[in-house]
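Take a look at the structure set out below.
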Amino acid sequence: MSVTPTPRLSRSDLADLNAFRVVERLRSFTKAAVELGITTSALSHAVRNLETRLGVRLLNRTSRTVAPTEAGASLALRLDAGFREIGDALDEINRMRDRPVGRLRMNVLSDGARLIMARHLPKFLSQYPEVEVEVSVDDRMVDIVSEGFDAGIRFGGTVPEDLVAVKLGPELKWVAVASPRYLYHRSLPATPDDLRAHSCIQLRTGQGIIYKWEFSKGDDYRAIDVPGQICVSETALAIELALAGTGIAYCLENRVSHYIREGSLRIVLPDWAPIEPAMHLYYPGHRRIPQGLRELIDVLREEIAAESRSNEGRP
């Protein structure tokens, strides 16, 4: 009885099959090229070569959309199972090592990037030199599963319910701040409604809307549609404009604590500063946690806890 030999796959075959699989999942050559770390033209060339070798079209392309053909959808299903099996096998081998190895792709909102990753990621990188970390800073509500990320960081209360969420640090205080130069020429607001007579630095969120500043004092909650000559989509720029005396900015107190201590910014309406949910790291619970992610969570929680204890003793 003869046995049909298993076809031998070259390195380029595997690379092209994986490239097709990522394009099919994301339905975009541009997004897939970013995830794979190659140019869009190189990715398109790889998929065309695969289709030529197989003798069948796998993707239907237009100027706006990418969709699998019937053959492409069938192949993608089989490849997902195969590459998942390969990934599980590699994870099993990696778990036999003393230290994690691999690559983590993180999607992090800008406040999380500045307050968590910039401050505490270096400690993780020094402890686990064989783990590579890619951080995509994005304030949009990104589907980390479909976009190919291993985990994300965003505010508590905004994490999808079907994902595992790990709290990072304490609840967060939001404040309105302005420079002494700005306040010198204007009367200090006594209530949130007084902001309507001020120049405020509006903030457009990752969802594309202009954010209403939220304030609370006891049971009194107010969301103010503040006026302003300028609107920005980045907290860092809003803070710099506030430092320059342009107007009042709204942000996390932790983003401006240094400027408050040195006196270059003052908190406006301190009695109305709301306390909101903490940052959370989140990841899909239906698949195996990638190498290094659990260690990253442990390092971040330890470092943030130590930072919080240090801040408690600071005047």
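Each helix, a run of at least 4 DSSP H residues, gives -39500 (n - 2.57); summed and divided by the residues of the chain, these come to -12000 deg cm²/dmol at 222 nm. Surface analysis of segment 177-288 yields an accessible area of 51 Å² per residue, using protein heavy atoms and a 1.4 Å probe.
The alpha-carbon of Lys123 sits under 12 angstrom from the alpha-carbons of these aspartates and glutamates, leaving out residues fewer than 8 places away in its chain: Glu295, Asp298, Glu302, Glu303. Ignoring aspartates and glutamates fewer than eight residues from Lys217 along the same chain, the ones with Cα atoms less than 17 angstrom from its Cα are Glu171, Asp193, Asp194, Glu253, Asp271, Glu276. A value for Cα extents along the principal axes in Å was derived from the coordinates, and within the list (1) 81, 45, 34; (2) 92, 48, 33; (3) 62, 44, 34 it appears as (2).
Between the alpha-carbon centres of segment 207-229 and segment 275-306 there is a gap of 29 Å. In this simple spin-label model, placing a label point 7 Å from the Cα along the Cα-to-Cβ direction at both Leu77 and Gln127 gives a separation of 4.3 nm. Spin-label model, Val164/Arg57: points 7 Å from Cα along the beta carbon direction are separated by 4.2 nm. Sorting the segments 217-226, 132-141, 241-250 by their mean number of nearby beta carbons within 10 angstrom, highest to lowest, gives 241-250, 132-141, 217-226. The accessible surface of the chain, taken with every protein chain in place and a 1.4 Å probe, is 51 percent carbon and sulfur. Classify segment 181-258 as rounded, prolate or oblate from the Cα gyration tensor: take a ≥ b ≥ c as the square roots of its eigenvalues, call it rounded if a/c is under 1.5, otherwise prolate when a/b beats b/c and oblate if not. In terms of gyration-tensor shape, rounded.
The values are calculated or read from the model by the stated rules, or taken from the named source; none is laboratory data. Here the structure is a predicted model, which means the values were calculated and not measured. Cβ sites come from the backbone with ideal geometry, for glycine too, and all protein chains shown count toward neighbours. Accessible surface is based on the protein model in full, side chains and every heavy atom, while ligands, DNA and RNA are left aside. Shrake-Rupley method; radii C 1.70, N 1.55, O 1.52, S 1.80 Å.
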